[in-house]
Amino acid sequence: MNKPLPLSIKNGLGEELIFHRMEIEEGEEKLIIENYVAPNTPPIKHIYYMQDEFLIVLHGKMGYQIEGEEVKYATIGETVFFKKGMPHKFWNAGSDELNCFGWIKPANNIIFYLSTLYESVDDAGKPDQFDTAYLHYRYRKEFNDPELPKIVKSLVLPAKYGIGKITGKYRKFKDAPVPLR
């Protein structure tokens, strides 16, 4: 399921993410990204277990927090680095649109994971439950939403994933990339 670049995706909550291009750096794919975040967009904590993320603020004010640390802010020209495996979140901390540019390295399955998640958002601004179960369960060694309760991760998502497989809901993902181990 290779998607041509550049690719622009929106999450239905006020964030647009643009995957500009892929570069090779030190033998690894480095995905060049840009995002636009509307004011009052809720922060979503997440973990990339296998990717580092680097952002430079081009416009606006970013609030961000790495788990276990105090909230920090970055303004135009300042950079933020999220090391792989570190739970983190960032948000628009200003009244103007936040615009950042940066990269994710190595890219691995990030384009598929995020574009599928964003595409599954319904009119209510929530991702499809079966798509969410598929992505969270199948790619659990690569990506994580630490705000999901443990019972959801250990019981609900695997059950919903199994039901989705049995009922054929995941035929649309037949060309999905293989999860990394």
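Do we have Phe143 as closer than 30 Å to Ile163 by Cβ and within 13 Å of the chain's Cα centre (by Cα) here? Spelling it out, Phe143 is indeed closer than 30 Å to Ile163 by Cβ and within 13 Å of the chain's Cα centre (by Cα).
So is Leu117 touching a helix residue (DSSP H, G or I) at 6+ places or on another chain (Cβ under 8 Å), within 23 Å of Glu15 (Cβ to Cβ) and either assigned by TED's automatic domain parsing to the domain that holds His46 or not in a helix (DSSP H, G or I) (or both) or not?
When the stated conditions are applied, Leu117 does not pass them.
Is it the case that some residue within the range 109-126 is basic (Lys, Arg), at pLDDT 95 or above and either crowded, with 17+ Cβ neighbours inside 10 Å or farther than 14 Å from Asn35 by Cβ (or both)? No: zero hits.
Does Pro177 meet the test of being out of contact with any strand residue (DSSP E or B) (no Cβ under 6 Å at 6 or more places or on another chain) and outside any loop (DSSP other than H, G, I, E, B)? For Pro177, the condition - out of contact with any strand residue (DSSP E or B) (no Cβ under 6 Å at 6 or more places or on another chain) and outside any loop (DSSP other than H, G, I, E, B) - is not met. Residue count for the range 13-38, restricted to those that are in contact with an Asp or Glu (Cβ under 7 Å, 6 or more places away or on another chain) and either without any contact (Cβ under 8 Å) to a residue 12 or more places away in the chain or closer than 16 Å to Ser95 by Cβ (or both): 3. Selection of strands (runs of 3 or more DSSP E) fully inside the range 28-87 by the criterion of at least 3 residues being more than 17 Å from the chain's Cα centre (by Cα) returns 52-59, 72-74.
The values are calculated or read from the model by the stated rules, or taken from the named source; none is laboratory data. Worth saying up front: this structure is predicted, and the values here are computed from it rather than measured. Ideal geometry is used to build each Cβ from the backbone, glycine not excepted, and the neighbour counts take in all protein chains shown.
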